[in-house]
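The values are calculated or read from the model by the stated rules, or taken from the named source; none is laboratory data. The structure displayed is predicted, hence computed values, not measured ones. In this analysis, Cβ positions are derived from the backbone assuming ideal geometry, glycine residues included, and neighbour counts consider all displayed protein chains. These accessible areas exclude ligands, DNA and RNA; they are computed on the full protein's heavy atoms, side chains included. Shrake-Rupley method; radii C 1.70, N 1.55, O 1.52, S 1.80 Å.
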Amino acid sequence: MLIGLDTAAANGKHGGRPPAVDGDMLAVALCRRDAKEPVTSIARHLGVGRSTLYRTLAAYDEAAATMSSPSRYEK
């Protein structure tokens, strides 16, 4: 049974639900958030739930913070 999943993964196919917010939607959300627009209004415009947008923005902010902070192993 796992052989089929491994084969699919090797071919670039991964199961699961596609993300509700893609890269283009995230870019729009970030621009509108930078313009101080409420998340509720942004989510309504994009057609996604508020909690989905909050989670996506939080994940983006965390990734951005991780990328911008120096590693503790760098001198």
(message) Nothing charged except the Cβ atoms of Lys and Arg (+1) and of Asp and Glu (-1): what's the magnitude of the dipole of the chain about its Cα centre? Round to the nearest 20 debye.
(response) 200
(message) Per residue of region 9-25, what does 6.51 cos²θ - 1.76 cosθ + 1.60 with θ = phi - 60° give for ³J(HN,Hα)? Whole Hz please, x for Gly and Pro, Karplus curve as stated.
(response) 5, 5, 8, x, 9, 10, x, x, 6, x, x, 6, 10, 8, x, 5, 5
(request) Identify, among 65, 51, 19, the residue whose Cα sits farthest towards the positive end of the charge dipole of the chain, taking +1 on the Cβ of Lys and Arg and -1 on the Cβ of Asp and Glu, with the dipole about the Cα centre. (result) 51
(message) Accessible area per residue for the chain in Å², computed with a 1.4 Å probe and the full protein assembly in place, what is it?
(response) 83
(message) If I compute solvent accessible area with a 1.4 Å probe over the protein chains, what percent of it on the chain is carbon and sulfur?
(response) 58
